[in-house]
1. Which of I356, H377, F393 sits closest to the plus end of the dipole of segment 335-397, meaning its Cα is farthest towards the positive end, when Lys and Arg get +1 and Asp and Glu get -1 on the C-beta?
2. Please report the accessible area of Y81 (heavy atoms, 1.4 Å probe, ligands and nucleic acids excluded) in Å², nearest 10.
3. Students often get this wrong, so check it: of K51/K96; K107/K225; K107/K346; K210/K346, which have C-alpha atoms separated by over 27 Å?
4. List the lysines whose Cα lies under 17 Å from the Cα of K260, skipping any in the same chain that are fewer than 8 positions away.
5. Given the peptides 43-51, 173-181, arrange them by the average over their residues of other C-beta atoms within 10 Å, most packed first.
6. Which value in deg cm²/dmol, rounded to the nearest 500, describes the helix-derived mean residue ellipticity at 222 nm for the chain, given -39,500 (n - 2.57) per DSSP H run of n ≥ 4 and division by the residue count?
7. Using the Cβ atoms and a cut-off under 14 Å, what net charge is assigned to the surroundings of A366, where Lys and Arg are +1 and Asp and Glu are -1?
8. Residues of the chain: accessible area per residue at 1.4 Å, in Å²?
Amino acid sequence: MVKIFKNLTQIEDVFCKALAPNDDSGKHGVLIPVYAYRMFPEFIELNSEIKKNYEESIFTYWNEEAGFIEKQSKWKHYHRYPERRITNLSPELLNKKAEGSLLIVGKYKGCFKYECYVISPSSLIYTEAGELFRLNKKEEYFVGSAILPMIEILNGSYNNEALEELVDMLKDINSRGFVETMKKGDTGVGFTFESLIGINANSEKTPDYKGIEIKCSRSKQPREKRKASTGKQTLFSLIPNWNIVGNRRGLVEQYGHQDKVRNRLGLYCTIKVFPNSYGWYLEVNESEQRIYVCNYGKRVMFYEMNDLRYVLESKHKESFFVTAYGRKNDIGNEEFHYDSAIYCNKVSFEEFLTLIKENLMGVDFAINLKNGKVRDHGFLWRLENRKYLLRLFKNVQEVF
């Protein structure tokens with residue numbers, strides 16, 4: 001499959017997507033999933049709180065009937081949804097695409113130029129391309145999308161026996177239809193899946209399968225009607241360098257607010273790059289390799305970027321995200337149909353910083369002082385919306 005690229009050695013990352021009916025060359029463009037945003041330019045002035053669209057110029061190359069054609073295309077951010085698309089593409093290849101066609105996009109190293117190919121189901125390399133990216137095949141067509149670094153494709157390092165075993169087991173569980181929960185409550189969806197694949201629920205370690213972390217979630221909608229996940233997503237907890245406040249007590253004594261109902265002094269807020277109502281905000285200083293926690297212009301505390309990188313990479317090495325359609329059965333018990341999965345590995349600290357700059361990532365303070373004792377619930381780094389979680393990974397594959 002990789003032989004399709006004209007300038008193979010220049011390709012850095014490769015994105016593959018099964019095209020939807022409304023993916024076209026111009027009016028709609030091609031919708032790009034959040035995890036592939038890193039292949040495209042940053043919107044430097046983007047402010048998620050302002051209702052404004054953004055666009056950047058990119059160059060795409062298409063193997064049309066007339067030869068290898070360069071087009072000045074657009075990378076666009078639409079605030080309304082929000083979503084991002086590439087537009088001004090190839091009408092010849094996209095507007096008359098066959099049902100089930102794949103779009104292969106290879107990004108050149110160090111610039112925003114892309115080789116693009118549309119592969120129809122009639123192509124001799126259609127099956128090879130879909131299987132390379134582990135796309136899920138529904139009858140005669142592939143569905144889903146994925147992103148892989150070219151070096152891993154060339155080296156064959158994307159092969160993963162443990163992952164293949166997990167996918168096979170998921171397919172088997174999916175074929176059973178709805179499975180009644182084996183444990184009541186929020187953890188039932190994960191406990192049931194892990195039990196079905198033979199993971200020991202009594203293990204002291206975080207449940208995983210041959211080094212792959214398994215994270216399950218439920219949805220109120222089946223896959224074909226499912227929208228993007230919502231709600232905050234905690235990544236990890238990390239204590240800041242206290243700097244001028246000295247310690248936890250100093251923080252809450254100097255910056256806490258009196259809670260008369262609970263009779264305590266507390267500081268409960270989310271801190272991101274845009275100032276909150278208490279005057280707190282984050283300052284990303286890449287030259288000093290620090291992220292400062294500021295209050296009304298004063299650098300109160302800070303995080304070393306190396307510390308943040310270490311915790312992020314150690315917590316999120318290799319993950320298998322499973323989603324189940326959950327409902328109540330006739331006797332009122334919850335049951336699940338496990339119907340989709342995404343495999344991710346190689347977390348990107350650079351994307352972590354980008355999410356902070358876009359005001360999509362922040363740190364939560366939850367600390368109080370009562371009866372002389374200081375208590376906190378951790379200093380939690382959290383995504384504003386879990387739908388952005390996949391942006392953190394360099395490799396993302398919709399495997400089922």
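1. My answer, from the dipole projection, is H377.
2. The value for Y81 is about 130 Å².
3. Pairs exceeding 27 Å: K51/K96; K107/K225.
4. Of all the lysines, those that pass the test against K260 - Cα under 17 Å, at least 8 places apart if same chain - are K370, K373.
5. 173-181, 43-51
6. -5000 deg cm²/dmol
7. Value of the local net charge: +4.
8. Each residue of the chain exposes 50 Å² on average to a 1.4 Å probe.
The values are calculated or read from the model by the stated rules, or taken from the named source; none is laboratory data. Note that the structure is a prediction, hence the values are computed from the model and not measured. Counting neighbours? That spans all protein chains shown, and the Cβs are built from the backbone with ideal geometry, glycine included. Quick note on the areas: whole protein, heavy atoms, side chains included, nothing else; ligands and nucleic acids left out. Shrake-Rupley method; radii C 1.70, N 1.55, O 1.52, S 1.80 Å.
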